[in-house]
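First the structure, in the form of structure tokens, and then the observations on it.
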Amino acid sequence: MARDLTPLAKKLGMRYYEEENLLFGIVSGYECALREQPGKKMMMLHVTAKSPRAEDEGMLAHLQSLKAEHEDVTAAVYENFTASLRIRTYGDADLFELIEQLLGSIIAYAKKENYIPCCAGCGKTRDVHRYLLDGDARAMCPACRAKAEAEKTNSWVKKKFPQHNKIKGWLLVAVILLIAMTVWVGVYVSGLSATLVGVAMTVTCFYVYEHFAGRMKGGSITVMLLLLLLTVFLCHNICVCLELAAVIGQTQQITFLGVMLFIPEFLKDPTNLEVYLIQLGLAVLAVALAAAPMLWLVWRSWHHKERLESLEEPAA
């Protein structure tokens, strides 16, 4: 269970972000962050600072000396212009006192060697702001922030669309449409409305394609809608043929193909045409209403952008 870091935050003059077990703020002019990870029984201490020299190993050597001096410090790293210490939280030492001592030592060394606060990504020293990135506070310039957000969006896309196989996706859609046609005709023959079949067919096709073929593009959406409308048209005409076959079959023998060829003649009657169009329109409307939320979800995936939460202090 995470400990309450409020007393430490007040003592160091940092802001406490309770949901992330995170402290962040500027201490003596340097961007500092402290995050507890209860599951791993450790804390990570970060100070972002850039050496005025092109090549410098002094900060890393200083961190290594702190690690050797304190047994509760289990790792020391200086990379991406950030000095980092990993501190175990189950030792005998006073944890808050140890953190204050370590932080003070790092900042004192940074001031002595003229380290400059900077972006943790590229080392830029101007227009740097604090953001929450994967639970940690990071000082970043606009360019590095945009890069980090793009990486988070790509990670979201890979997680949401783990598989990409268009052939498999379209084959499964074809199977679903064939099954839907069979069920549609069966439901209609039984005397029930097949509207729900069209709704289920539409939702299932979009879901299956997205899951097996990946993120849908404009061309894929057009093909999907055309296939759905074609399926509705075929199902509706098959049902009409079955009705006509039952009626005509009472007086004369006729093949199913003959019934299909008879449909244009049947629709010359205005009453028959009106009923035909109303039933077809209702079926198309059901598919359109089912497709609308699915299209919205696809559109949302196109425009999805991961935004880093700003940790800037609110303006007074």
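The values are calculated or read from the model by the stated rules, or taken from the named source; none is laboratory data. In this text, all values refer to a predicted model and were calculated from it rather than measured experimentally. Please note: Cβ atoms are built from the backbone with ideal geometry, for glycine as well, and neighbour counts cover all protein chains shown.
Note on segment 156-185: among residues that are among the polar types (S, T, N, Q) and in contact (Cβ under 8 Å) with a residue 40 or more places away in the chain, the one that is farthest from LEU230 (Cα to Cα) is GLN163. Among the residues of segment 119-140, how many are part of a loop (DSSP other than H, G, I, E, B) and touching a Ser or Thr at 6+ places or on another chain (Cβ under 9 Å)? So the answer is 3.
Selection of segment 104-127 for residues being of a type outside the set (Gly, Ala, Ser) and either outside the structural domain of GLU55 (by TED's automatic domain parsing) or crowded, with 21+ Cβ neighbours inside 10 Å (or both) yields ILE106, TYR115, CYS118, CYS119. Can you find a residue in segment 83-90 that is free of Cβ contacts under 8 Å to residues at least 40 places away in the same chain, out of contact with any Leu (no Cβ under 8 Å at 6 or more places or on another chain) and either surrounded by 12 or more Cβ atoms within 10 Å (Cβ to Cβ) or of a type outside the set (Ser, Thr, Tyr) (or both)? So far as segment 83-90 goes, no, none of its residues is free of Cβ contacts under 8 Å to residues at least 40 places away in the same chain, out of contact with any Leu (no Cβ under 8 Å at 6 or more places or on another chain) and either surrounded by 12 or more Cβ atoms within 10 Å (Cβ to Cβ) or of a type outside the set (Ser, Thr, Tyr) (or both). Has segment 171-182 got any residue that is at pLDDT below 85, in the same structural domain as CYS239 (by TED's automatic domain parsing), more than 29 Å from the chain's Cα centre (by Cα) and polar (S, T, N, Q)? Taking every residue of segment 171-182 in turn, none turns out to be at pLDDT below 85, in the same structural domain as CYS239 (by TED's automatic domain parsing), more than 29 Å from the chain's Cα centre (by Cα) and polar (S, T, N, Q). For segment 169-191, a residue qualifies if it is surrounded by fewer than 17 Cβ atoms within 10 Å (Cβ to Cβ) and part of a helix (DSSP H, G or I), and the qualifying residues are LEU171, ALA174, VAL175, LEU178, ILE179, THR182, VAL183, GLY186, VAL189. When segment 241-272 is filtered for residues that are more than 25 Å from GLY198 (Cα to Cα) and outside any helix (DSSP H, G or I), the ones remaining, listed by number, are GLY249, GLN250, THR251, GLN252, GLN253, ILE254, THR255, LYS268, ASP269. When GLY135 is tested against (1) on the phi > 0 side of the Ramachandran plot; (2) in the same structural domain as LEU297 (by TED's automatic domain parsing), exactly one condition is not met: (2). Say whether the condition of being free of Cβ contacts under 8 Å to residues at least 60 places away in the same chain and either of a type in the set (Gly, Ala, Ser) or not in a helix (DSSP H, G or I) (or both) is met by at least one residue in segment 273-285. So far as segment 273-285 goes, yes, one or more of its residues are free of Cβ contacts under 8 Å to residues at least 60 places away in the same chain and either of a type in the set (Gly, Ala, Ser) or not in a helix (DSSP H, G or I) (or both). Just one residue in the set ILE238, ILE221 is more than 23 Å from LYS166 (Cβ to Cβ), out of contact with any Pro (no Cβ under 7 Å at 6 or more places or on another chain), assigned to a helix (DSSP H, G or I) and at pLDDT 85 or above; that residue is ILE238. Pairs are defined by a Cβ separation below 8 Å, a sequence spacing of at least 6 or placement on different chains, a first member in segment 40-53 that is at positive phi, and a second member that is modelled with pLDDT of 90 or more; the pairs so defined are LYS41/ARG88. Scanning segment 1-39 for residues that are assigned to a helix (DSSP H, G or I), touching a strand residue (DSSP E or B) at 6+ places or on another chain (Cβ under 8 Å) and without any contact (Cβ under 8 Å) to a residue 24 or more places away in the chain yields THR6, ALA9.
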